[in-house]
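Trainee: Can you keep this structure in mind? I'll have questions shortly.
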Amino acid sequence: MNLEESLQSMFGHGQFRDGQREAIEVLMEGRSVLAVFPTGGGKSLCYQLPAMLFEGMTLVVSPLIALMKDQVEAMHRKNLSAARLDSTLEADEVQEIYRQMAAGELKLLYVAPERLANEGFMRRLRGVNISMLAVDEAHCISEWGHNFRPDYLKLALTAEELKVERILALTATATPRVSADIRKRFSIAESDHIQTGFTRANLSFHVTPCSLEEKEEVLVNRLREHEGGAAVVYVTLQRTAEEVAGALSRNGIPSRAYHAGMRDDHRSEVQDGFMDGSIQTVVATIAFGMGIDKSDIRSVFHYNLPKSLENYVQESGRSGRDGQPAHCEILACLDDLIVLENFVYGDTPSPTALKSLVENVVLQGSRFSVSRYDLSISKDMRPLVISTALTYLELDGVLIPRGPFYAGYRFKFIEPVERILGGHEPERRDFLKKIFDACEKKRIWYTIDITEVALKIGEDESRIRKAFGHLEKMGEVQLRPSGLRHGYELNEKAEQSVSVLTDRLVELFQSRESGEIDRLGLVVNLCESGECIPQQILSYFGEKSEPCGTCSSCLGTRGADTLPRTRRGEITPEHIETMQEIIREKHSALRQPRQLARFVCGLSSPATTRKRMSRDERFGIVAEVPFQDVLTQAESMLSSW
């Protein structure tokens, strides 16, 4: 059967899209591929089709649970073998997937990158013939990319360890520098880099400079002009999503907000309504649309500036996937820049916090484990920042990872405990009884802290873990793991000076901060330049083109050459008085200058989230003031207390 026949019989498509056949042919020849296709360009088929033709199993790494779920369901509707492993599955569903893997029945398995750090899962994978590793959102592997994820850095080593036959790296947003980085890390030949181009001729791009006061009216008018089609309005802040959705509805344009602060069922309701057409307009933060495949979105508006050109290409590219004309417009105002910059500055850990983290891991001894969640709370750094710092220490050879494990379990007996114990030899029965007796018992569920119980009964932790693994496998207990920890070994041959390692991390995080600020500058340049908008975007991604003739620059309709700035926020005496009041209250989550600055700028952190301080009316009182100005003020005020 040739590729066209396979495409028709398995997926019901009459022909390939641009680049798909070329990428699949290289994979069929046993080589690795980098496929850079635009959003909606059909990247997933490049691994779905060959996965069905290869002898072994294809492993797909994706950070998007929504994408995994949608694609697995679509594959099942076509009676094709596919599964996903993610945090939403029940224990019996996971065990069935493991059985299919071991039996060689599974052709396609979707996982998040974090799962590959799980030694138990890796042990299962080593027994499977993996014909291909497909890496979705592959730009996340590059430190030069706009969405770097530390777990992606280890994927190349994982592929070597699993003896993967070929790799398919997929992305819609890779600059020449990022593409070169991806090829280098996965040993992909430059000739096997297939890029179909970022040109989307059916999309018309527009920039409308407008002040904060003008935005609402401009958006209402635009949506009325494009009435009858699905629309997404992207905003930066959750509260802006609610405010704009309310304003549109009051103006006769029924709209719903979508953001991470909503309850899960409310978000699902909005997403499902948008997909089935009962909701026409969604006002959302950037999380909306990731992994969602709706082909008939007719317009995408950016009420606030996008955070990078890569983000803009991804977000605007969700429109017009059916090939029909679609409208993409930025309502551009320099007032948006302060909030976006504050997010970047607020996320950068302070040298003090990084030093404390380094001390925590370097001074623990040769072998140790940490809870990234606990570190996030105690150091007041987001879990992603903690993971990134630890990954940098791994890549510098300071830490040797020994894999994640759970500190304990909640479990309940599926069979009566007497029957379970009665099915074992006397020595094993006594061992299990000692464990059960040492656990904390609730009405139905038991709780076990592995380390505590091991010390209490004088047994090895690994033996207790294996016992529970066997009990679960035999269907005698239901386990719910808790307290994820990551084991490490300190490399005695590597640099262990706290000051040297801290300086290295400070430099890396400051470099990332500078890169993010530079990306914001490129967005402003795009909006202020009178040059063709698609031509500027294509140039950024290493492509050349003629002026499009349809964007606001080409048509001469963009208005002002410079973006308006209604005001530059400043710290007022009233703000200082409020900050002094907060300091006098001595909140444990606001002891450091950076913590206080983040709070009054409206930037949540693990410590303030845990204390539910974002509900405080003083949260975000200086959101429009540059973060560095606020930090300087906070440092001055706290130094005198």
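Trainee: Tell me, which helices (runs of 4 or more DSSP H) wholly within the range 334-435 include 2 or more residues that are hydroxyl-bearing (Ser, Thr, Tyr)?
Mentor: So the answer is 351-362, 372-379, 383-395.
Trainee: Would it be correct to say that GLU73 is part of a helix (DSSP H, G or I), acidic (Asp, Glu) and under 24 Å from VAL128 (Cα atoms)?
Mentor: The answer is yes for GLU73.
Trainee: Please state which one of VAL244, VAL207, VAL283, VAL270 is buried (at least 16 other Cβ atoms within 10 Å of the Cβ), under 23 Å from LEU555 (Cβ atoms) and in contact with a strand residue (DSSP E or B) (Cβ under 6 Å, 6 or more places away or on another chain).
Mentor: Details: VAL244 fails: under 23 Å from LEU555 (Cβ atoms); VAL283 fails: under 23 Å from LEU555 (Cβ atoms); VAL270 fails: under 23 Å from LEU555 (Cβ atoms).
Exactly one of VAL244, VAL207, VAL283, VAL270 is buried (at least 16 other Cβ atoms within 10 Å of the Cβ), under 23 Å from LEU555 (Cβ atoms) and in contact with a strand residue (DSSP E or B) (Cβ under 6 Å, 6 or more places away or on another chain), namely VAL207.
Trainee: Go over the candidates GLU25, GLU73, GLU5, GLU96 one by one and state the one that is in contact (Cβ under 8 Å) with a residue 12 or more places away in the chain and surrounded by fewer than 15 Cβ atoms within 10 Å (Cβ to Cβ). Step through it out loud before you land on a result.
Mentor: Details: GLU73 fails: in contact (Cβ under 8 Å) with a residue 12 or more places away in the chain; GLU5 fails: in contact (Cβ under 8 Å) with a residue 12 or more places away in the chain; GLU96 fails: in contact (Cβ under 8 Å) with a residue 12 or more places away in the chain.
From the options GLU25, GLU73, GLU5, GLU96, the qualifying one is GLU25.
Trainee: Cβ-Cβ below 8 Å, separation at least six or inter-chain, first residue in the range 213-224 and closer than 17 Å to PRO254 by Cβ and surrounded by 18 or more Cβ atoms within 10 Å (Cβ to Cβ), second of a type in the set (Phe, Trp, Tyr) and at pLDDT 95 or above: which pairs?
Mentor: LEU219/PHE301; LEU219/TYR303; ARG222/PHE301; LEU223/PHE301
Trainee: Output the residue which, of all residues in the range 344-401 that are surrounded by fewer than 18 Cβ atoms within 10 Å (Cβ to Cβ) and on the phi > 0 side of the Ramachandran plot, is farthest from the chain's Cα centre (by Cα).
Mentor: Applying the filter and picking the extreme gives GLY365.
Trainee: On to the next question. In the same structural domain as VAL282 (by TED's automatic domain parsing), surrounded by 23 or more Cβ atoms within 10 Å (Cβ to Cβ), of a type outside the set (Gly, Ala, Ser) and farther than 24 Å from GLN71 by Cβ: does that describe LEU237?
Mentor: Details: in the same structural domain as VAL282 (by TED's automatic domain parsing): yes; surrounded by 23 or more Cβ atoms within 10 Å (Cβ to Cβ): no; of a type outside the set (Gly, Ala, Ser): yes; farther than 24 Å from GLN71 by Cβ: yes.
So LEU237 fails the test.
Trainee: Restricting to the range 317-339, give me the number of residues that are closer than 18 Å to LEU237 by Cα and either aliphatic (A, V, I, L, M) or crowded, with 24+ Cβ neighbours inside 10 Å (or both). Even if it seems obvious, please write down each step before you answer.
Mentor: Narrowing the range 317-339 to residues closer than 18 Å to LEU237 by Cα: 330-339.
From what is left, the residues that are either aliphatic (A, V, I, L, M) or crowded, with 24+ Cβ neighbours inside 10 Å (or both) are 330-332, 334, 336-339.
Selection size over the range 317-339: 8.
Trainee: Given (1) more than 22 Å from ASN202 (Cα to Cα); (2) at pLDDT 90 or above, where does GLY346 come up short, assuming only one miss?
Mentor: GLY346 satisfies all of (1) more than 22 Å from ASN202 (Cα to Cα); (2) at pLDDT 90 or above except (2).
Trainee: Another question, if that's okay. Give the residues of the range 7-41 that are part of a helix (DSSP H, G or I), polar (S, T, N, Q) and touching a helix residue (DSSP H, G or I) at 6+ places or on another chain (Cβ under 6 Å), sorted by residue number.
Mentor: Just the residues of the range 7-41 that are part of a helix (DSSP H, G or I), to begin with: 7-11, 20-28.
Subsequent filtering for residues that are polar (S, T, N, Q) retains 8-9, 20.
GLN20 - this is the single residue of the range 7-41 that is part of a helix (DSSP H, G or I), polar (S, T, N, Q) and touching a helix residue (DSSP H, G or I) at 6+ places or on another chain (Cβ under 6 Å).
Trainee: Looking at this structure, is SER268 part of a helix (DSSP H, G or I), small (Gly, Ala, Ser) and more than 30 Å from GLY530 (Cα to Cα)?
Mentor: Values: part of a helix (DSSP H, G or I): yes; small (Gly, Ala, Ser): yes; more than 30 Å from GLY530 (Cα to Cα): yes.
Here the answer is yes, as SER268 does meet what is asked.
The values are calculated or read from the model by the stated rules, or taken from the named source; none is laboratory data. Being a predicted model, the structure only gives us computed values, none of them experimental. Positions of Cβ are backbone-derived with ideal geometry, glycine not excepted, and every protein chain shown enters the neighbour counts.
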